[in-house]
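Asker: Structure in structure tokens, see below.
The values are calculated or read from the model by the stated rules, or taken from the named source; none is laboratory data. This is a predicted model, so every value here is computed, not measured. Glycine gets a Cβ as well: all are built from the backbone with ideal geometry, and neighbour counts include every protein chain shown. Accessible surface is based on the protein model in full, side chains and every heavy atom, while ligands, DNA and RNA are left aside. Shrake-Rupley method; radii C 1.70, N 1.55, O 1.52, S 1.80 Å.
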Amino acid sequence: MSIIHVDSLSKHFNSIKAVDNVNFDVREGTIFGFLGPNGAGKTTTISILCTLLRPTSGTAIVDGYNCVTQPAKVRRSIGVVFQDTTLDKDLTAYENLLYHAILYNVEKSERQKLVDDALMFIGLYERKNDLVKRFSGGMKRRLEVARAMVHQPKILFLDEPTLGLDPQSRNNLWEFITRLPEEKGVTIFMTTHYMDEAEVCDEIAIIDRGKIIAQGSPEELKKSVGGDVIYLKTTDNLKALSIIREEMSLTGRIKGDELFITVTRGDACLPELIRHLGDIVKSVRVQRPTLNDVFLNLTGKEIREEHPDSMDEIKESVRAYRRRFDRT
Amino acid sequence: MIELRVVYVISAREFKKFLREKSRLFSSLARPLIWLFLVGGGLSRIVPTGGNITYLQFFFPGIIGMTILFTSIFSAISIIWDKEFGYMKEILVAPVSRTSIVVGKAVSGSIVSTIQATIVLMLFPLVGLKLSLLSVLLIILLSFAISFSIASIGILIATFYESFESFSIIMNFIVMPMFFLSGAMYPLRKLPEIFKLIAHFNPLTYGIDALKNVIIKEAGEMGADFSLSLDLVIIFLVSLVFIFLGTKAFNRRV
Ligand SMILES: Nc1ncnc2c1ncn2[C@@H]1O[C@H](COP(=O)(O)OP(=O)(O)OP(=O)(O)O)[C@@H](O)[C@H]1O
Ligand SMILES: [Mg+2]
């Protein structure tokens, strides 16, 4: 049973095709990940699904309701954590959650309990009367997830929930995000550009320039790479590339100062490779495929190497400013 | 359809923040005080008023109007600022009607604006005015009504608001002219015809006139230009029309 159904969805901003004919289904009770580089169209897709943006064409159905024609019904079913924080830092943690409960029409008799439960769940109950501006980045993010859960939504949207957090806070956050489907029965739709985070998903769609270029479970996707990846550094990458092509009939690609080749059995292939290339080889490493290789294999680029466009830069500097500002 | 819970959340939030941010209160009171005592106090010495009040007393309703104008317009503009970078998204994604959000924003701006106007009002003995308790209460009620009408205009402006640059455009081409052409500094009947005509289309004119009707009742030549009931009708109509237009524009933008 799919709880989110997206059919030929597109969103154009003038000439930019931010989302370009996208199709996918999300099964109830699973974690679905949207993985892609900056500007891939992740946030745009989420904005359409949570009714803040009208698609140019196509349909999006969330919990059985149409996002364009039944936005109010969709909003009742979902909880959203936006990429940029939407907490009010001049209110306390408790106030932020309480106002949320009122906005979502939670029964007065239940509000207190639901807010307290949510704060308990993320381990911030003791700090409930502190102003949010006194919280660390990780605490704020956890609080935002808790807030999105207060009205007990069926579906939780998380747009880059761990952006800007240190590794420890990231782990911390993931620990309770992954508890949600089991303990609360929610479906999670999340976006990220951290490969390792996507590993927790039951299903991943890889999106680049508005198009879904691969979809499947993390294992399926890694299998699709077709084996291990060998990374080579040589004194002459172009020459090495032609030797690999012509003498070994393998396909390799150059990325940065490295050459990478996908083979079924990395360890078995190595001796032969070195024999053919001889002493132009400077270093070699073999890697089991990761989701990063999946992306690399499909697009020929790293997921994180894209240069942010100017709007992203502006947004990023505003975020940085707010982070600094929030701390004071 | 207006959902009271939404109006409540938006207003309660604004009110709590207002109480916590003392610096915001002081900085927004600085402007009217400077205008009152430096500009008004100075002009008071050289401008013969001809009536039975001093220029400073004449200027007092205008200063309350100024406080309301700035506070209401700028709190309304935060509707868009909030939308790009913050809390407004939390409200927009909740199952609430857009009309409630716009009304909530106008009410919350009006509450803050009324508090500020009331603080300025309490300075009336300093300019030598005498007001009964009843008049004071009436002025506070009037301040809320005027604030609401100005905030609804602010929300419509905010929907056209694109960037920081437009901030100074709004200041220079909307807010300041609204103040100068409102009868705050000069009685309308003494303005040149062309300005008088423009002032008649300025909603703030009627707000300040309503205040004059209560604060400087017996000023004759220097007093109110219209009757209090006309002022009230116009304030009410302006609120209604701009809340309607603001909701329309907000719906389209968001
Ligand atoms: N309101 C808008 N107006 C014009 N262009 C937009 C708008 N919002 C997004 N875009 C463009 O659409 C494309 C997709 O943006 P989107 O924010 O969906 O990317 P993303 O995958 O979320 O990226 P990031 O990882 O940086 O958050 C980008 O090229 C972006 O510049
Ligand atoms: Mg994004």
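Asker: Please go through segment A:137-152 and pick out each residue that is under 16 Å from residue A:50 (Cβ atoms), assigned to a helix (DSSP H, G or I) and open to solvent by 20 Å² or more (accessible area, probe 1.4 Å).
Answerer: Of everything in segment A:137-152, just one residue is under 16 Å from residue A:50 (Cβ atoms), assigned to a helix (DSSP H, G or I) and open to solvent by 20 Å² or more (accessible area, probe 1.4 Å), namely A:149.
Asker: A follow-up question, please. Quick one: would you say residue A:101 is at pLDDT 95 or above, over 23 Å from residue A:218 (Cα atoms) and within 14 Å of chain B (Cβ to nearest Cβ)?
Answerer: Yes.
Asker: Still on this structure, I have one more. Out of all the residues in segment A:258-271, is one or more free of Cβ contacts under 8 Å to residues at least 12 places away in the same chain and in contact with a helix residue (DSSP H, G or I) (Cβ under 8 Å, 6 or more places away or on another chain)?
Answerer: So far as segment A:258-271 goes, no, none of its residues is free of Cβ contacts under 8 Å to residues at least 12 places away in the same chain and in contact with a helix residue (DSSP H, G or I) (Cβ under 8 Å, 6 or more places away or on another chain).
Asker: Another question, then. Out of all the residues in segment A:54-89, which are more than 8 Å from chain B (Cβ to nearest Cβ) and aromatic (Phe, Trp, Tyr)?
Answerer: A:65
Asker: Quick one: residue A:95 ticks every box in (1) free of Cβ contacts under 8 Å to residues at least 12 places away in the same chain; (2) open to solvent by 40 Å² or more (accessible area, probe 1.4 Å); (3) charged (D, E, K, R) except a single one, so which number is it?
Answerer: (2)
Asker: Of all the helices (runs of 4 or more DSSP H) wholly in segment B:136-254, which have at least 2 residues that are at pLDDT 85 or above?
Answerer: B:176-180, B:193-200, B:203-215, B:228-253
Asker: Tell me the strands (runs of 3 or more DSSP E) entirely within segment A:185-235 that contain at least 2 residues that are away from ligand 1 (no atom under 16 Å from the Cβ) and over 29 Å from residue A:148 (Cα atoms).
Answerer: Of the strands (runs of 3 or more DSSP E) lying wholly inside segment A:185-235, those with at least 2 residues that are away from ligand 1 (no atom under 16 Å from the Cβ) and over 29 Å from residue A:148 (Cα atoms) span A:228-234.
Conditions tested, residue by residue: (1) closer than 20 Å to residue A:80 by Cα; (2) away from ligand 2 (no atom under 15 Å from the Cβ); (3) more than 14 Å from every other protein chain (Cβ to nearest Cβ); (4) open to solvent by 30 Å² or more (accessible area, probe 1.4 Å).
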position	(1), (2), (3), (4)
A:4	yes, yes, yes, no
A:18	no, no, yes, no
A:25	yes, yes, yes, yes
A:34	yes, no, yes, no
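Asker: Please go through segment B:118-135 and pick out each residue that is open to solvent by less than 60 Å² (accessible area, probe 1.4 Å), among the aliphatic types (A, V, I, L, M) and not in a helix (DSSP H, G or I).
Answerer: Selection gives B:123, B:129, B:131.
Asker: Hey, can you tell me all the residues within segment A:36-46 that are within 14 Å of another protein chain (Cβ to nearest Cβ) and either open to solvent by 10 Å² or more (accessible area, probe 1.4 Å) or more than 15 Å from ligand 1 (Cβ to nearest atom) (or both)?
Answerer: The answer is A:43, and nothing else.
Asker: Can you spot a residue in segment A:114-130 that is open to solvent by 10 Å² or more (accessible area, probe 1.4 Å), in a loop (DSSP other than H, G, I, E, B) and either of a type in the set (Gly, Ala, Ser) or within 16 Å of ligand 1 (Cβ to nearest atom) (or both)?
Answerer: Looking through segment A:114-130, at least one residue is open to solvent by 10 Å² or more (accessible area, probe 1.4 Å), in a loop (DSSP other than H, G, I, E, B) and either of a type in the set (Gly, Ala, Ser) or within 16 Å of ligand 1 (Cβ to nearest atom) (or both).
Asker: Inside segment A:153-190, can you point out the residues that are away from ligand 2 (no atom under 16 Å from the Cβ), open to solvent by less than 40 Å² (accessible area, probe 1.4 Å) and within 14 Å of another protein chain (Cβ to nearest Cβ)?
Answerer: Residues satisfying the conditions are A:153, A:155, A:156.
Asker: Filter segment B:97-128 for residues that are closer than 17 Å to residue B:249 by Cα and of a type in the set (A, V, I, L, M, F, W, C) and give the result.
Answerer: Within segment B:97-128, B:101, B:102, B:103, B:106 qualify.
Asker: What tally of residues in segment B:88-114 results from selecting those that are open to solvent by 10 Å² or more (accessible area, probe 1.4 Å) and touching a residue at least 24 places away in the same chain (Cβ under 8 Å)?
Answerer: Counting residues in segment B:88-114 that are open to solvent by 10 Å² or more (accessible area, probe 1.4 Å) and touching a residue at least 24 places away in the same chain (Cβ under 8 Å) gives 7.
Asker: Turning to a different aspect of this structure: Among the residues of segment A:39-62, count how many are in a loop (DSSP other than H, G, I, E, B) and hydrophobic (A, V, I, L, M, F, W, C).
Answerer: The total comes to 4.
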